[in-house]
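Taking it in order: structure first as structure tokens, then the write-up.
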Amino acid sequence: MKVQLLGQRLALAAALGATATIAVETGLIAGAAAQQKNQFYCDTSKSPPATIVRTPRGNVPVIRWTSDVFPPPLTPEERCKIVSQRFQEFQNQNKLRYITTGQMNGQLVVCVANRKDGDCTGLLFTLKPGSDPRSTLERLLNYKALAGGNPLNQSSSERLYVDMEEIINTAPVAGGSAPSAGPAESGDNPWFAN
């Protein structure tokens, strides 16, 4: 009887050991997947510079920086670097849920929000004085919605919000053109054109 009980305990211990090993290996695999998060960067290899997000399915162009409305040192390349870094910081902090527009420090901005109908929780970049933020964001949504086959995303307050997860998962990968952060040129649908 004692031998049988000992055998059952050994079998249970072996099973628990195997379960623990599987759990550890599964945890390692999940950890590796988490490290493959999307990475934002400024690509200056072509003109104009572009904010790109590197995803498991490929590089997705986010913004093409063509506007030189802001004086030096805020060249298109410098804005690309700054804003790409902000995208990455918000991604790392799990705050990159929605992009919307608002006002910060008396200036019109494109910002991040934690939820639809939410206020700005972080600055991405400032818009040119006198621009229409809603119109700018609508052009963004039209470009991305058409590219991804998704309807426009309007909240009940009529403020527009861009679902970044949807954009990252459905927007065309590199090879197409990124939306522009400068004036519309030859009929393009620019993103953040003002």
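State all residues of region 78-101 that are open to solvent by 50 Å² or more (accessible area, probe 1.4 Å) and either part of a loop (DSSP other than H, G, I, E, B) or in contact with a Cys (Cβ under 6 Å, 6 or more places away or on another chain) (or both); if no residue qualifies, say none.
Once the filter is applied, which keeps residues that are open to solvent by 50 Å² or more (accessible area, probe 1.4 Å) and either part of a loop (DSSP other than H, G, I, E, B) or in contact with a Cys (Cβ under 6 Å, 6 or more places away or on another chain) (or both), region 78-101 yields K81, Q93, N94, K95, R97.
Hey, among L74, L124, which residue is modelled with pLDDT of 90 or more and either part of a strand (DSSP E or B) or open to solvent by 20 Å² or more (accessible area, probe 1.4 Å) (or both)?
Result: L124 is the single residue among L74, L124 that is modelled with pLDDT of 90 or more and either part of a strand (DSSP E or B) or open to solvent by 20 Å² or more (accessible area, probe 1.4 Å) (or both).
Need the failing condition index for M104 against (1) aliphatic (A, V, I, L, M); (2) modelled with pLDDT of 75 or more; (3) open to solvent by 50 Å² or more (accessible area, probe 1.4 Å); (4) within 30 Å of S45 (Cβ to Cβ), just the number.
(4)
Looking at D117, is it of a type in the set (D, E), open to solvent by 50 Å² or more (accessible area, probe 1.4 Å), in contact (Cβ under 8 Å) with a residue 12 or more places away in the chain and touching a Phe, Trp or Tyr at 6+ places or on another chain (Cβ under 9 Å)?
Yes, satisfied.
The values are calculated or read from the model by the stated rules, or taken from the named source; none is laboratory data. A quick note: this is a predicted structure, and the numbers were derived from the prediction, not measured. So basically every Cβ, Gly included, is an ideal-geometry build from the backbone, and we count neighbours across all protein chains shown. Keep in mind that these areas ignore ligands, DNA and RNA; they rest on the heavy atoms of the full protein, side chains included. Shrake-Rupley method; radii C 1.70, N 1.55, O 1.52, S 1.80 Å.
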